[in-house]
1. Quick check: pseudo-label points 7 Å beyond the Cα along Cα→Cβ at K153 and R193, how many nm apart are they?
2. Trypsin sites (Lys or Arg not before Pro) within the stretch 1-97: which are DSSP loop residues with at most 16 other Cβ atoms inside 10 Å?
3. Given G172, G74, V280, which one lies farthest toward the positive end of the charge dipole of the chain, if we put +1 on the Cβ of every Lys and Arg and -1 on the Cβ of every Asp and Glu?
4. Once each part is reduced to its C-alpha centroid, what is the distance from the stretch 269-293 to the stretch 138-153 in angstrom?
5. Give me the number: length gained by fully extending K247 to R69, i.e. 0.36 nm times residue separation minus the C-alpha to C-alpha distance, one decimal in nm.
6. Quick one: V39, V228, fewest Cβ neighbours within 10 Å first, how do they rank?
7. So if we plug the beta-carbon distance of V16 and I257 into 1/(1 + (r/R0)^6) with R0 = 35 Å, what FRET efficiency do we get, rounded to 0.05?
8. Using +1 on the beta carbon of Lys and Arg, -1 on that of Asp and Glu, and nothing else charged, what's the dipole of the stretch 119-226 about the Cα centre, debye to 20?
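Please treat every number below as a calculation from the coordinates, not as lab data. Here the structure is a predicted model, which means the values were calculated and not measured. Because the Cβ atoms are built from the backbone with ideal geometry, glycine has one as well, and the counts that use them run over all protein chains shown.
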Amino acid sequence: MKAIECLKYGGSENLVLTEVGKPSPKDNEILIKIHATSVTTSDVLIRRMNESPIPKFILQCVFGFGKPRNPILGMVSSGIVESMGKTVSSFNIGDEVFAYGSVSPTKRHFGSYAEYICLPEDWHIALKPKNISHKEAAAIPYGGLLASHLLHKAVINKGDKVLIYGASGSIGSMAIQLAKNAGAIVTSVCSGRNFELVKSLGSDFVIDYMTEDAESHLETYKYVIDAVGNSKTSTLKEKSKKALLPKGKYISIDHGIPLTPKEAFLNLKSLAEQEKIKPVIDRIYPLEKMPEAHTYVEKGHKRGNVVITI
């Protein structure tokens, strides 16, 4: 089968199209013929592996030294069940499914940068909502699960004011929608060119972090949600950390290890079926253009998700 392998850590030129053996499902696994995957910020972080010494050492203990232990990256997939192991009972051949290969901090399975992937049936796999395409399904799990992790730390009541910093990315665009579903009044922080996007997702107010008077538009909020973490900062961001009501809370994606429980994954499926969340797709590339897709994501200005078709 065709696959993209990361030959070593570093630039996107190390992502190479290769031919590898087609996997065979174990007794408890399904074999998915992948139609779409996505390039996430985490994929880029793993491929670059250019963190400071201590975080880099920890990451390489997890993913491999010098090059990824599993050279085929990618954890998001949407496709069709082609075959399955003899004990599988939850799916049938021909089912359209979508999946996320990170069940917990210690249970991960990469390999979606390829034509096929095998995953245990009890992992984060579900029937794809019929009202969305494979490309849209591949744009849901990463941002949706991380946004769910952030919102799980909040108790939002109707009318609560919530500020989302980094609102136009894959995590932030989902956080807007989840907060609105909970009844929040949402203020989105992003660049002016993304105002129309975040408003279409339900944002009530917008702040352009690039303007000189951005801080003057801050109010006080029950929750300030930082969807980009330490990778990006600004004067506005530092001010927003203190723009809290009494007992308000600042919640960052960099606080702790994100948890991605299956109930959160299934909730995203349900919300997509009810059209209460809408995945945002910035660009679509074919598998062969993976290095170009990584380069684009690495620039840090994508709107929502970058999807790969296979």
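1. 3.0
2. Taking the stretch 1-97 and a limit of 16 other Cβ atoms within 10 Å, the loop trypsin sites (Lys or Arg not before Pro) found are K8, K26, R69, K86.
3. G172
4. Using only Cα atoms, the two centres lie 14 Å from each other.
5. Contour length minus the Cα-Cα distance gives 59.7 nm.
6. Lowest count first: V228, V39.
7. Between V16 and I257 the formula returns 0.70.
8. About 440 debye.
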